[in-house]
Every structure is written in structure tokens, then in C-alpha cells.
Amino acid sequence: MSGIAPESYVAGKWIGPGTAAKSIMSPVDGSEIARAGGADLDFAAMRAFALDKGGPALRALTFHQRAKMLKALAGYIGSRKEELYALNPLTGATRKDGAVDIEGGIITMTVIAGKGRREMPDGHVYLDGEVERISRSGTFLAQHIAVPRQGVAVHINAFNFPVWGMLEKLAPTLLAGMPAIVKPATQTCYLTEACFRMIVDSGLVPEGAVQLIVGGTGDLLDWLGPQDVVSFTGSADTALTLRSNRNLLSRSVRFMAEADSLNASVLGPDVVPGSEEFDLFVKQAATEMTVKAGQKCTAIRRIIVPEAQMDAVTEALAERLRGTTIGDPAGDARMGALASAAQRADVLEKAAMLASEATNVLDGLTAPDGPGFVAPMLFRCADPDAGRTVHDVEAFGPVSTVMPYRDLPHAAALANRGKGSLVASLVTGDPQVARAFTLDSAAWHGRLYITDRTSMKEATGHGSPLPHLVHGGPGRAGGGEELGGVRGVLHYMQRTAVQGSPDVLTAVTGQWVPGAREIEGPEHPFRRTFRDIEIGETIVTDPREVTLEDIEHFAHFTGDTFYAHMDEAAAQANPFFPGRVAHGYLLLSFAAGLFVMPDPGPVLANTGLNGLSFQKPVSPGDRVHVRLTARRKTQRTDTYGEVAWHVTLYNQDAEQVAEYELLTMVAYEKP
Ligand code: NDP
């Protein structure tokens, strides 16, 4: 298979390996797979190209346009995924391992795109939280916003997930509106390059939005500036070297790291052999040790069990692991090879360190010949309190250590001795055990994964980072955070607090802010199409009196005969009411009756209410009227969009009695 020559993509041009290219050797049979890197790349020019071309082109698009681009891109890569699967076994990974990488990457991009469409505005400014009222009468307000950073994101990725590793960082970056330079780990860069080439081939991404470095990063970090971001995944040592770069420190370049992690899996004190939870625990530990031959940042490295279950867990797990077939990843083996001979040497060296404190109960288990093959190793550590290396040394392969705990606080203390991890799991049938463990250990882990028989069938997997959830962890795990839906996008944006008048905030955010100028439209806004409605367009309705008969009628009609509406003395005794009052839902219904347009028109449906509050009781004889203002417009399909209306109800004394946001779907054309 020699002859693969992955290329860098620099300022719109493909650049092949240079004279100093490195050979990448097969972990399966030792043959040369590819030659990569060694070219003389102009890193300053790469950064300039991203800033001059990619950044402005991306920032010209709205969040929704970028989300659509990502969705199309994920679809395009999906349509060519077999080309990636063809290269996957060269990395040592089985097809199942490859699915985690390839499908996992595509799904992550799709989910992030969906979140962009649903949770971000169809504009250029993301609103972070609500308007802050910082003045007495509301003439001076504040709003936190987030805008794309005007630099480049440098992604330095690990060898173990060549596709997912690139796509999980690219999706939030591009959605944020930042261009990226991707630097994959050299050992598996040919697979990343194949996927990257698809992104370029797709024609979906603007020029300068993505570039690729095959090989080293040279002096790239020295060129970075205050608007740039570095996102790194790999070893803690490299993370330390990179984050100590003088230029990054002196210019406050945002740096995120996801590094090694001694992830723990804890068996609850309530779980006994023979139970569904016990079997789940053992199966999960075996899976996490052998998927990707244990080369997962989230793999289970420490198996923490009640003292009484040490033998049962060790024996059941050893039994399962002995049945793991190891072999050619292109065949039907359960476990393939480590990524390289160097990784194997590293794993064996780290295993030897663990052996100073623990015993490998699978000693003697053999793996096929070949530079990257290694058999699973299950260590048993009798005294984890005295142990150091078992909590400290990460053997990045199918290696894990079983250790006993006395009680739940001890289990949490052991889990926390990893000094910060990406994920810890707990198998328990007792929610109170889950609560106690969470309080003791959540601060040390980026994700807690708690399962029992009721959730195990649908549980997503200890080792699977999900695009919806944060991926990262404190301390040793790098102290960084990725993904987590929109949270992951915000890493590539700048949060800014904007202070100003309601008119200023309305202009900046594209959303009408109470107190800003109201516009009188040419006709009732419900007769206007989505295109015609202007932000700020307002109507004030006629008043309507609320009578005691109305309240009684509503009470008997709906069955809501709560005493505050029906019984004068009881209502008066309540601290909130002066006497009998109107139902809040009656007021909402009257409000709709005051502003609705009865005939068919552009308004297609009322799809919801946000932030409803009843602020002042309405008594029989009060007269209410409504003020309705177009607050926000969001395109949804080619034929209609969502209009959010700010609605306030007032009484005859101009006191606000209720407030909410009304959502309607409105057609682009008149019917
Ligand atoms: P490294 O930290 O060596 O490499 C990670 C990435 O950083 C690669 O792209 C590498 O490129 C790049 N890199 C290395 N040195 C520099 C530098 N000075 N400047 C810029 N980029 C650099 O990790 P490995 O991939 O070699 O794995 C080593 C160990 O790290 C594993 O055994 C495991 O313990 C841990 N690891 C943790 C992972 C996690 O997800 N938490 C993932 C992978 C590994 P290049 O390949 O070209 O050297």
C-alpha cells in the first residue's frame, strides 16, 4: 500500500511531502504505508490567508447559513465514507473502531449544525443571556453578546481519531465563523487528509476557511495573535510544551487542551454478582479496554470496586478479555493493533511501571506477531491507597487496573486521585449512591456517566463523547472543554458586554428590546407577511373589561375552580390577592382575542409561548389591553419563518399585569 503521499493544503494550494518526509509504517505488518511531511511550508502565509480570505467570508454568513453549510458538508462526507473506511485498517483499527471515528465525526458535525439552526439566531450576533437592566427607568441597558474571533483556530489533533478528531473541532469553529488550520498527528495523517480533501472537493466551504498541515507546525505558534485560538488534543507533555510557548502566553492566545486521563469506572456498593448491573459493569469495562485497542482518551484505566467484589469482578473481566480475538483489523478480529510500533513500545513501558504496584492477571496472554499488536492487560492492585503509578501512569492501550474500595467516599477519593479526568462512570441501582458519589467527585471529572438496568439499553457508552455534552476535564485531563452544543462554539467567539440605550441594543442584536423605538406599521402586523414585518412593529389593542361572570364562566368551562377565583374570603386570606381575581389563563385568552386576526392570512400558527409571567392580579371590573411588538424574525423554511412577539398586558392604570413572548409561524407570501 506504499505510495500514499498525503499533502498539506496551504493558501489554496496542495503541497506534497518534502525531501525530509517521514515514513509511516504499518502497525499490522511493518510495511511502509505513506511518506508525509517534511515540506517547507510558509506558516505566516497560512495564517494571513485564513485572516484575509477565510475569516471575512465566514463572518459574512449568518449562523444559520454556516449551520446549513455544515449539514451539507456532513452529508457530502457521508456519501464518500467508504473511501475513509478503505484507509481505516491501515491505522490498526477494525471497521467497528472506524465507525466510532468516521460515523462519529459525521454525526458530530450534523448535530452541531442542528444546534446552530435551533439554538443560534439567523444573524451575526449571538446573545448570551438576557438583557441586564442596569438603570432605574430602563434607558440604559446591557446585553452580553458573542461574535466570531477575527483570527484563526489552530487545531492540533491526536493520532487515535483521525476523522472525528478533525470534524469535532472543525464543526464548532466554522459554525462560530472562524477559519481553521488543521494539524493531524503524523502517524494517521493520511486518513485525516483523505477526509480533509473531501471538504475541499465539496466546494461548500469558502476559500481560506480550512487549511491543512501534514508534518510539523514549524514556527506557526510564534505567528499567532490575540484573536487566534489553539485547540490541542494529545499528551500532557506536549500540552505543557505548547501552552508554555512564550508568544502564546505574552499575547494571551486562547489555548485549550484535552490531554491524558486516568478515567475511572466505579461499581456501586449495592451491586452484587449475578445482577444485571454487575454484568453491565463487566461488559462495559471489557469494551472500553478493547475498542480502538484501548487507544481512547476516555477509555477506562481504573476499575474501582467494593472490597467484597474484587475477586468476582477480576475473574469475570479476565474471562471476557481472554475471549477477545486479536488480529488483522481488515478481517473480523474484535481488536486490532495499536497505531504504531512506537505506541506499542510506550504501552509496554507504562505497563512495566504499573507492574511495580499491581499484578497482571492476564500475564501469558499472547497477541499476533506484528509491530502494533498487544494483548489486553488487566492489573490487580491490592492497595490503591499506597499506589502511585496506578493513578498516574496512562498506558494508552488495552490496559486497566482493578482496585478495591472500603466505602463510597473512599471510592470517590480513589476516582479523584486521577487528578482530573474526562469521564468517570458509576454503575449503581441506587440513585442516592449516585447523588453521594456525584457530590464527592463531579468537580474532578468532565463527565459523569451513571447507569443501571433501567437506562443501560439506551445508555450511550462510557467512552463516547457526545456533541451535545462537554468533552474535556480539569487538571490532568488538560483543563479544557470542547463540544457541549453551543458551549463548544463559544470557545471560538469573543463574549462582549454591550451597554447602551434600548435603541442601540436593538440595532446591535437585531432583536427588539423593551424601551426601544416602536414602529407603527401600515396595517395590523398579523396581516403582514414574514418579509414585510419590521422588527419593532407594534400595535396597542382596545381595552376589554374582565367581569365576575367571565371569571365564573371560565372557571366552570375549564374546571379550574381554584378558590382565588371563586371564594372572596379565601382569596382575601391569601397573601397574593386582594379578593377574587381573574385566572392568568383567562387573561392570556382575552389577550389573544384582542390581537388575533380572524380571517386566513400570513399568520399560519401559534407555536408557543416563552417567559410567561403574571405580574399583578386582575380583579373583576378591571380593564386590560395588550401591546404587541415584533421582537425577532427567524427563517425556518423556504415558505415561512418564525416571528417572536413581545406581548405585555396592562390594566386601566397602565400597570403591567402580564408579559410573555409569543411565537408564530408566518408565511413569506400572502395566501
Ligand atoms: P503527542 O502529544 O505527541 O501528539 C499530539 C499532537 O501534537 C500530534 O498532532 C503531534 O504531531 C503534535 N505535536 C507534538 N509535538 C508538537 C510540537 N512540539 N508542536 C506542535 N505540535 C506537536 O501525543 P501522541 O499522539 O504521540 O500520543 C502520546 C500519548 O498521548 C499517548 O500515548 C497517550 O498517552 C496520550 N494521548 C492522549 C490522547 C487524548 O485524547 N487525551 C490522544 C492521543 C494520545 P506529530 O504526530 O506530528 O508529532
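Our analysis of the chain gives Rg over Rh at 1.06, with the two radii drawn from alpha carbon positions and Rh computed by the Kirkwood formula.
The relative contact order of region 188-335, computed from alpha carbon pairs under 8 Å that lie at least 6 residues apart in sequence, is 17 percent.
Legend: Rg and Dmax of region 383-438, from Cα coordinates, 12.2, 34 Å. Based on C-alpha pairs under 8 angstrom that are at least 6 apart in sequence, region 469-513 has a relative contact order of 22 percent.
Using only alpha carbon pairs under 8 Å that are at least six residues apart, calculate the relative contact order of the chain and give it in whole percent.
Contact order relative to length: 12 percent.
The order of ILE15, ILE156, going from fewest to most other C-beta atoms within 10 Å of their C-beta, is ILE15, ILE156.
Modelled this way, with points 7 Å down the Cα-to-C-beta line, the labels at GLU545 and ALA345 are 9.4 nm from one another. Cross-link pairs exceeding 23 Å in C-alpha to C-alpha distance, out of LYS81/LYS457; LYS71/LYS169; LYS53/LYS183; LYS115/LYS169; LYS169/LYS292, comprise LYS81/LYS457. Note on region 183-245: Cα-Cα pairs beyond 16 Å make up 57% of the total pair count.
Ranked by the mean number of other Cβ atoms within 10 Å of their residues, highest first, the peptides 308-314, 466-472, 201-207, 333-339 come out as 333-339, 466-472, 308-314, 201-207. Based on alpha-carbon atoms, the Kirkwood radius and the radius of gyration of region 1-129 give Rg/Rh equal to 1.06. Projected onto their three principal axes, the Cα atoms of region 425-511 cover extents of 55, 30, 23 Å, largest first. Over all projection directions, the Cα-based convex hull of region 241-376 averages an area of 11.5 nm². Annotation: amide H-H contacts under 5 Å for ILE4 (H modelled 1.01 Å from N, sequence separation of 5 or more, or interchain): ARG35.
Just rank ASP97, ASP653, ASP392, fewest to most, by other beta-carbon atoms within 10 angstrom. Mind dumping the intermediate values first?
Numbers: ASP97 25, ASP653 9, ASP392 16.
In increasing order of surrounding Cβ atoms, one gets ASP653, ASP392, ASP97.
Here the extension length gained between ASP52 and ASP532 equals 169.3 nm, from 0.36 nm per residue of separation less the Cα-Cα distance.
GLU458 versus ALA592, label points 7 Å from Cα toward the beta carbon: distance in nm? Taking the simple label geometry, GLU458 and ALA592 are separated by 3.0 nm. Remark: SER23, SER501 ranked as SER23, SER501, counting other beta-carbon atoms within 10 Å and listing the fewest first. Taking amide H as placed 1.01 Å from N in the peptide plane, the amide H of ARG447 sits under 5 Å from that of VAL423, ALA424, each at least 5 places away or on another chain. Could you run the Debye sum over the Cα atoms of region 77-218, one equal point scatterer each and no solvent, and tell me log10 of I(q)/I(0) at q = 0.09, 0.14, 0.19, 0.22 Å⁻¹, two decimals? Treating every Cα as an identical point scatterer, log10 I(q)/I(0) equals -0.35, -0.70, -1.11, -1.38.
At q = 0.10, 0.14, 0.20 Å⁻¹, what is the base-10 log of I(q)/I(0) for region 489-634 according to the Debye formula with one equal point scatterer per Cα and no solvent? Please give it to two decimals. Listed by q, the Debye log ratios stand at -0.51, -0.85, -1.21. The Rg/Rh ratio for region 175-218, using Cα coordinates for both the radius of gyration and the Kirkwood hydrodynamic radius, is 0.98.
Think of it as helices only: each DSSP H run of n ≥ 4 in the chain is worth -39500 (n - 2.57), and spread over all residues that comes to -9500 deg cm²/dmol at 222 nm.
Read-outs: derived from the displayed coordinates by stated rules, not from any lab. Values in this document were obtained by computation on a predicted structure and should not be read as measured data. Note that we place each Cβ from the backbone using ideal geometry, even for glycine, and neighbour counts take in every protein chain shown.
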